[in-house]
Amino acid sequence: MQTEAAVASTATTTQGSGRVFAIIFGLILLAGAAYAGLHLVDDLSIVRSHSATPFVLLGVALLIALGFEFVNGFHDTANAVATVIYTHSLPANLAVIWSGIFNFLGVLNSSGAVAFTVVSLLPVELILQVGSGAGFAMVFALLFAAIVWNLGTWYFGLPNSSSHTLIGSIIGVGLANQFTAVKSGTSGVDWNAAFGVLRGLVFSPIAGFLLAGLLMLLLKALIKIPALYRAPEGRKPPPWPIRLLLVLTCTGVSFSHGSNDGQKGMGLIMLILIGTVPTAYALNGAVSGNQVKTFHQVSVEAQQVLNAIDHGAQVDGNPRDRVTAALQQRKLLPDTVPALAALMAQIDRQVGNRSSLRAVPQEQMGNVRNDIYLANAAIPLVLSQTGLSGEQTNTLTTWRGLGVKATQFIPAWVKVAVALALGLGTMVGWKRIVVTVGERIGKEHLTYAQGASAELVAMGLIQAADMYHLPVSTTHVLTSGVAGTMAANGSGLQWSTVRNLLMAWVLTLPASIVLAGGLFIGLKHVF
């Protein structure tokens, strides 16, 4: 047993370590905030506006979007630190700082692909008109609904999912727009994309339950260390090998959470930037002259492929309108292929001879972005409904990839800002969730092996989702993993808590749909 002097010494050491990490993270916060602020000011220096309104809207929307990530941090990331805090592997202040740092690094390391998967669920009509009143109503409705529901479930200590909340809010906005706007195929939710994302959100907790349970059984069969299968005793930390294992799994879950969940805020911030200051963010200014030349060459080849399909037919009217009509009906129309060829030619004339995308005239940037977005959305219709050779398919796919690079990008300062908000949020409000995960899911308290199994599985599933550009819920994967280990260990489940968790999960989608839809309809009358 530890003497009182030893316990006091340990407490002093951990408090000192916590202060050191807090100082380090404080310095990182200051440096990151300065970096993000300076780069934002530099980007906005090219914007010519006689009104302060766009900048005011930008500032308010950015603060709210970062607030969503802050809430996401202290709500979702509490699950990542739950096991190390509950098992006393790390003191609470040090654990949340440690997790915040690796959330920060996870966001910086993310590709941005998940961000645009989430954004692609929004109605095409609103994405193309993100700078309009309806576009601003969309962004603010999404953010307010997500923050309100997250705060409500956090207050009651329920491990709700920010991912489900945001997806539900997107569906709510899409449905509200479809009911209130002129009916078209681009005014509502893209249900094919939505069901693809929802399948990932539903499958991941089931996989978490089963895989964590199997891993727990495997550990018990192969590793005969009795201490690994005990619950924490008082405030005594576990033996060092077990302690190291739990810290490593916490680190992995924190990094994975940042790399996946952090991207949702990035996608929303990019929508805000494109809507308020399109001259600075509609096109990726980092696309250089050589890449623009490649885009021109591929554009010529893609037009030749399309002309071969329609035998050089001409399109009557505005090609943008004809392509939009095909998207509305989600099928090729008789004039879709020539219209797409004409739209590509139009884009090439505006872009192909530039030294970089930054050189596109500011008044044309928004239209060029929308044209590329429409063409990219129409290419899959051509690929799926016409018999193309492998070379022709590759040409159109290459054009689409270059279009994605031109329009789907995340500036480094946005990643830094989101990372700061997520990391800072990690350090706040974790206590309510930690007790639920550690004591209220199973009838027995969480053991070291159960915590490690649940976190290893959560880390692996989140990284797999990143590979397939799918958003998943850290909360759902980890809590279902804990439940799986309890079931595998024969510990039993506290059905009152499980029922509350299931109710929070089941209610999240309809509640966020109604919240976001109602807010969108109300805000449309404001903007």
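The values are calculated or read from the model by the stated rules, or taken from the named source; none is laboratory data. Since this is a predicted model, take the numbers as computed values, not measurements. Methodologically, a virtual Cβ is constructed for each residue, glycine included, from the backbone with ideal geometry; neighbour enumeration extends over all protein chains shown. Calculation scope for accessible area: heavy atoms of the full protein, side chains included, ligands and nucleic acids excluded. Shrake-Rupley method; radii C 1.70, N 1.55, O 1.52, S 1.80 Å.
List the residue pairs whose Cβ atoms are under 8 Å apart, where the first residue sits in the stretch 223-244 and is outside any loop (DSSP other than H, G, I, E, B), the second is open to solvent by 40 Å² or more (accessible area, probe 1.4 Å) and of a type outside the set (Val, Ile, Thr), and the two are 6 or more positions apart or on different chains.
ALA227/PRO239; TYR229/LYS220; TYR229/ASN489
Can you run down the residue pairs with Cβ atoms below 8 Å, 6 or more apart or on separate chains, where the first is in the stretch 62-73 and in contact (Cβ under 8 Å) with a residue 24 or more places away in the chain and the partner is of a type in the set (Phe, Trp, Tyr) and assigned to a helix (DSSP H, G or I)?
As it stands, the answer is ILE64/PHE140; ILE64/PHE144; VAL71/TRP154, since those pairs meet every condition given.
In the stretch 447-524, which helices (runs of 4 or more DSSP H) lie fully inside it and hold 3 or more residues that are modelled with pLDDT under 85?
474-488, 495-524
Taking the stretch 306-323 on its own, how many of its residues are part of a helix (DSSP H, G or I) and surrounded by fewer than 22 Cβ atoms within 10 Å (Cβ to Cβ)?
6
The rows are residues; the columns are (1) open to solvent by 10 Å² or more (accessible area, probe 1.4 Å); (2) farther than 14 Å from GLY267 by Cβ; (3) modelled with pLDDT of 80 or more; (4) among the basic types (Lys, Arg).
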| residue | (1), (2), (3), (4) |
| --- | --- |
| ALA52 | yes, yes, no, no |
| VAL60 | yes, yes, yes, no |
| ALA78 | no, yes, no, no |
| LEU105 | yes, yes, yes, no |
| PHE116 | yes, no, yes, no |
| LEU121 | no, no, yes, no |
| GLN129 | yes, yes, no, no |
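Assess whether GLN346 counts as being farther than 26 Å from GLY112 by Cβ, open to solvent by less than 50 Å² (accessible area, probe 1.4 Å) and touching a residue at least 12 places away in the same chain (Cβ under 8 Å).
yes
Could you tell me whether any residue of the stretch 25-41 is out of contact with any Cys (no Cβ under 7 Å at 6 or more places or on another chain), over 30 Å from GLN362 (Cβ atoms), at pLDDT below 70 and surrounded by 19 or more Cβ atoms within 10 Å (Cβ to Cβ)?
yes
Give the stretch 349-358 a look and list any residue that's farther than 25 Å from ILE309 by Cα, open to solvent by 40 Å² or more (accessible area, probe 1.4 Å) and in a helix (DSSP H, G or I), or say none.
Hit for the stretch 349-358 is ARG358, nothing else.
Residues to consider are PRO237, PRO232; find the one that is open to solvent by less than 40 Å² (accessible area, probe 1.4 Å) and either β-branched (Val, Ile, Thr) or at pLDDT below 80 (or both).
PRO232
Kindly establish whether LEU151 is part of a helix (DSSP H, G or I), modelled with pLDDT of 90 or more and open to solvent by 10 Å² or more (accessible area, probe 1.4 Å).
When the stated conditions are applied, LEU151 does not pass them.
Over 26 Å from PHE527 (Cβ atoms), assigned to a helix (DSSP H, G or I) and under 23 Å from the mean Cα position of the chain (by Cα): is that true of GLY32 in this structure?
yes
For the stretch 466-482, which positions are buried (at least 24 other Cβ atoms within 10 Å of the Cβ) and of a type in the set (A, V, I, L, M, F, W, C)?
Within the stretch 466-482, VAL472, VAL477, LEU478, VAL482 qualify.
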